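Engineer: For reference, the structure I am asking about is given below.
The values are calculated or read from the model by the stated rules, or taken from the named source; none is laboratory data. What you are looking at is a predicted structure, and each value in this text was computed from that prediction instead of being measured. Every residue, glycine among them, receives a Cβ derived from its backbone with ideal geometry; neighbour counts consider all protein chains shown.
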Amino acid sequence: MSNTSTSSDTSGLSAGATAATIALAVVGGIVVIVIAIAIIRCIQKNKMQARNTSMQITSVSAVNVDSNIDMVTIERFLADIVKERPVRFTTQNIIDFTQNFAQKLGSGGFGIVYKGQFPNGVQIAVKVLHKTQDKRAEEQFMAEIGTIGRTYHINLVRLYGFCFDNTLKALVYEYMEKGSLDSYLFDENQKLKWEKLHEIAIGTAKGIRYLHEECQKKIVHYDIKPGNVLIDANFSPKVADFGLATLCDRDNSHISLTGGRGTPGYAAPELWMPYPVTHKCDVYSYGMLLFEILGRRRNLNLSQAESQEWFPRWIWHKFEGGELDGVMTNCRIEHSNRDKAERMCKVALWCVQYQPDTRPSMNSVVRMLEGEEEIIAPTNPFQYMMPFDGSSSQWSESRGYSTSTATTTNESEANILIHQNQQ
């Protein structure tokens, strides 16, 4: 019995030891797993903290960069706002810009034009008014600021600012390296290819279209002519000289004027008669400019054969007789450009229609010149005019491109303004 009991106890102890060993192993494994999990979580936590810290630093850095970018953008934006409106300069500013009026570009009845430069190197032209100015000259000065100062278009000359002090009144424009269009039309030493002149015609039309149709208030220029179309370094045109220009509401289609405006030879008939005036007077003047671009000659040239003395009417007779080929030959226009030239003839004839309502809008003019709009056959724009008489006062006025008492000042100024070739 005792041996059996002893054996039984020994077996029980062995089983208990084995169970204890297993339990300890399990507990130990659990502890190891728990510790491992704790270590892993600790490592992950440290990584997460490091990552968050890095992200916070990056985020702060990004905010700082964005803030810097925003500030730079805002500063540039504010600078651009200043650039797009005329700045009022002091007399000392003008003296500094022109180096005490060192380089004279030209002069006229309205004032003297000097070449200058802003501190950032941008070249400018400064038109300084004569100290003794009548009321009309001051009105023209204010008209320039009040009209062109409201505009910004690639085909309009830029007015950077003005000076209006007791000692000095001046207008500050962008500098136009190539001068005015008239020198390239009428000067044998400065001819442009007809393709470039066609581009200049379209660019000029786009500038006038902007004035009529795209400004907040419609602007009527009143003095469109080659002398008031300036050419930049890339031979792109910019309409200039807004001394006669007028702002008008879009709902008000008619303008009341006192006295004639514009230049004889370019001015619409209604500008010299007691008729209502609309923006279509600019369309008429542009048509006259087109004739001169087409022929690369003045519309009135008494040295020509009698039938060609007044170029626009000669063009009409050729068109009426179906002889536009003769025009192309006379104007030395190559065959590759004849379609464009014929369109220019027809557009010019439409632009100079006697009745303003029959003249096209400048938007239609651009589209017709670019071949995007069909051109119907124009009617005779000269049927209301007297037969040609070289001795009549009607034609003697047209000869006086720069002698009209109403526009001598503007003609002179237009020819010298921003004209590098004068030097």
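Engineer: Working only within the range 106-125, note down all residues that are out of contact with any Leu (no Cβ under 9 Å at 6 or more places or on another chain) and modelled with pLDDT of 80 or more.
Structural biologist: Gly116, Gln117, Phe118, Pro119, Asn120, Gly121, Val122, Gln123, Ile124, listed by residue number.
Engineer: Under 8 Å between Cβ atoms, at least 6 apart or on separate chains: pull out the pairs that start in the range 322-351 with a residue that is on the phi < 0 side of the Ramachandran plot and end on any residue that is of a type in the set (Val, Ile, Thr) and surrounded by fewer than 17 Cβ atoms within 10 Å (Cβ to Cβ).
Structural biologist: Note: pairs meeting the criteria are Trp350/Thr358.
Engineer: Within the range 181-206, which residues are among the basic types (Lys, Arg) and at pLDDT 95 or above?
Structural biologist: If we filter the range 181-206 for residues that are among the basic types (Lys, Arg), which is where we start, we get 191, 193, 196, 206.
Correct list: Lys196, Lys206.
Engineer: Do we find that Arg338 is in the same structural domain as Val239 (by TED's automatic domain parsing), surrounded by fewer than 17 Cβ atoms within 10 Å (Cβ to Cβ) and basic (Lys, Arg) in this structure?
Structural biologist: Judged against the criteria, Arg338 is a match.
Engineer: Still on this model: Since Tyr286 meets every condition but one in (1) within 22 Å of Gln383 (Cα to Cα); (2) surrounded by fewer than 18 Cβ atoms within 10 Å (Cβ to Cβ); (3) hydroxyl-bearing (Ser, Thr, Tyr), which condition does it not meet?
Structural biologist: The single condition Tyr286 does not satisfy is (2).
Engineer: I would also like to ask the following. Those residues that are under 26 Å from Tyr275 (Cβ atoms) and in a loop (DSSP other than H, G, I, E, B), I need them from the range 346-376; list them, please.
Structural biologist: Hits for the range 346-376 are Val352, Gln353, Tyr354, Gln355, Arg359, Pro360, Ser361, Ile376.
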